[in-house]
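Peer 1: This is the structure, below, for whatever I ask next.
Values in this text are rule-based calculations from the coordinates and carry no lab data. Everything quoted here is computed from the prediction, not taken from an experiment. Don't worry about glycine lacking a Cβ; one is built from the backbone with ideal geometry, like all the others, and counts go over all protein chains shown.
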Amino acid sequence: MAVSAPLLFELGAILLVLTVLGAAARRFGLSPIPLYLLTGLFLGNGGVAPVTAAADFVETGASIGVVLLLLTLGLEFSVGEFSESLRRHLPSAAVDLVLNATPGAVAGWLLGLDAVGILALAGITYISSSGVIARLLGDLDRLGNRETPAVLSVLVLEDFAMAAYLPVLTVLAAGGTVLQALLWTAVAIGALGLAFLVSMRWGHHVGRMLGHPEDEQMLLRILGLTLIVAAIAEHLHASAAVGAFLVGLTLTGPIADRARNVLNPLRDLFAAVFFVAIGLAVDPGDLLPKLPFALALAAVTAGTKVITGIYAARREGAARAGQRRAGTALIARGEFSLVIIGLVGAGAGTLSAVATPYVFILAILGPVLARFAR
């Protein structure tokens, strides 16, 4: 089998750069996520040193990275505890939707976008980045904090909302009918509901099936099942991330502990690739034309996400410091928002000019603000 020397060289160079940047970030007690994002920006099309040979691998690795991030996050919780938290945070989901989708819709109207563009920009400002926030909570050692279930409940409920939103946007952006959009939405919601029911009722059987004395066998079983579930969720225009999270929830006790041990190194590798891929997807030239408008929109929706997190953490019984931590943790936008831009496609125009710098600003500033929340 022929080996691509340029591919190996570019991947090796990327990993070494990430090593240096990650060590520097840890030295000052920061999350390395913003530096990884900036690395991707410099290495993408229009950047200082484009990595043409490694671009396809990075894009594929990014998909695996976000799945592993949410899988290992799900391993931290039990189905019963989390289902109770979800029920408690349905009002938080309503507050999240109103506070964060409205600024995007208003901004789209002010920009003169059509109905699909307004719907797209509302989704972009509404949805937080599950991948960025999952890694951020681990980086800042907050997985055991009182407010963390509130943050995760908001994220998962957003992903469930995306199961209804993405089919509608996909069909309408392609010129389809409202009836077709509603049909795909019903299919996606039904599939996610079924997956959640399986996790709640028969998760212990899944755990026994995936367990094995050998780490290699257990890793292959868990990763194989997770990727299949994530693929099915994605095919139904739902979220691969929430599918992976549900698989993680089904594994509890000693199996979950062993799964974390064998998955964590793999997760860290592909998570770094995921953050680089977000930067690679952005052309630096796209960040300038509507930068002032994007900055204003970012400031408004960073504030509305903080309010959302404070409200959700208060329902969880967190103290004021925990409420502020929850609010700042939710600021980051990322992969979902970029997917929405891509769904609108060639007709994005003004939408892309505003949304691209908006997403990148909050993907970088979100982890920084979360680090210094007190």
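Peer 1: Could you list Trp109, Trp184 in order of exposure, starting from the residue whose Cβ has the fewest other Cβ atoms within 10 Å?
Peer 2: Placing the least packed residue first, the sequence is Trp109, Trp184.
Peer 1: Treating only the Cβ of Lys, Arg, Asp and Glu as charged (+1, +1, -1, -1), what charge dipole size does the chain show about its Cα centre? Round to the nearest 20 debye.
Peer 2: 1120
Peer 1: For the chain, what are the DSSP H helices with axial Cα length of 20 Å or more and mean Kyte-Doolittle hydropathy of at least -0.5? Provide the component values of the computation, followed by the final result.
Peer 2: Values: long enough: 5-27 (33 Å, 1.55); 55-74 (29 Å, 1.60); 90-110 (30 Å, 1.11); 148-173 (35 Å, 1.68); 178-210 (43 Å, 1.20); 215-235 (30 Å, 1.01); 253-280 (38 Å, 0.81); 291-315 (36 Å, 1.02); 350-371 (32 Å, 1.60).
In the chain, the long hydrophobic H runs are 5-27, 55-74, 90-110, 148-173, 178-210, 215-235, 253-280, 291-315, 350-371.
Peer 1: Cα-based Rg (one decimal) and Dmax (whole number) for region 46-196, in Å?
Peer 2: My reading of the Cα-based Rg and Dmax gives 17.7, 49 Å.
Peer 1: Considering only Gly131, Gly349, Gly108, give the residue with the highest GNM mean-square fluctuation for the chain, with springs between Cα atoms whenever their separation is below 10 Å.
Peer 2: Gly349
Peer 1: Moving to a separate point now. So which residue, out of Ala134, Ala55, Ala329, gets the largest mean-square fluctuation from a GNM of the chain using Cα contacts under 10 Å as springs?
Peer 2: Per the Cα network of the chain with a 10 Å cutoff, Ala55 tops the list.
Peer 1: Once the piece of chain linking Ala174 and Asn261 is laid out straight, how much longer is it, given 0.36 nm per residue of separation minus the C-alpha distance between them? Write down the numbers at each step before the final one.
Peer 2: Numbers: separation 87, 0.36 × 87 = 31.32 nm, distance 4.36 nm.
Length difference between fully extended and current span is 27.0 nm.
Peer 1: Consider just the alpha-carbon atoms of region 249-374 and return their Rg together with their Dmax, both in angstrom.
Peer 2: 17.6, 53
Peer 1: Could you give the distance between the Cα centres of region 84-100 and region 256-295, to the whole Å?
Peer 2: With region 84-100 and region 256-295 each reduced to a Cα centre, they are spaced 26 Å.
Peer 1: Then there's this: Based solely on its DSSP helices, what 222 nm [θ] is calculated for the chain when runs of n ≥ 4 H residues each add -39,500 (n - 2.57) and the sum is averaged over all residues, nearest 500 deg cm²/dmol?
Peer 2: Calculated at 222 nm, the ellipticity per residue is -26500 deg cm²/dmol.
Peer 1: Moving on. Compute the normalised compactness of the chain: alpha-carbon radius of gyration over 2.2 N^0.38 Å, N being the residue count. Don't skip to the end; give the middle numbers.
Peer 2: Numbers: Rg = 19.8 Å, N = 374, 2.2 N^0.38 = 20.9 Å.
Here the answer is 0.95, to two decimals.
Peer 1: Here is a further query. Rank Met209, Met218, Met162 by mean-square fluctuation in a GNM of the chain with C-alpha springs under 10 angstrom and give only the top-ranked residue.
Peer 2: Between Met209, Met218, Met162, it is Met209 that shows the largest mean-square fluctuation.
Peer 1: How big is D for region 1-76, in µm² s⁻¹ as a whole number, if Stokes-Einstein is applied with the Kirkwood radius of its Cα pairs at 4 °C and 1.567 mPa s?
Peer 2: Answer from the Stokes-Einstein relation: 93 µm²/s.
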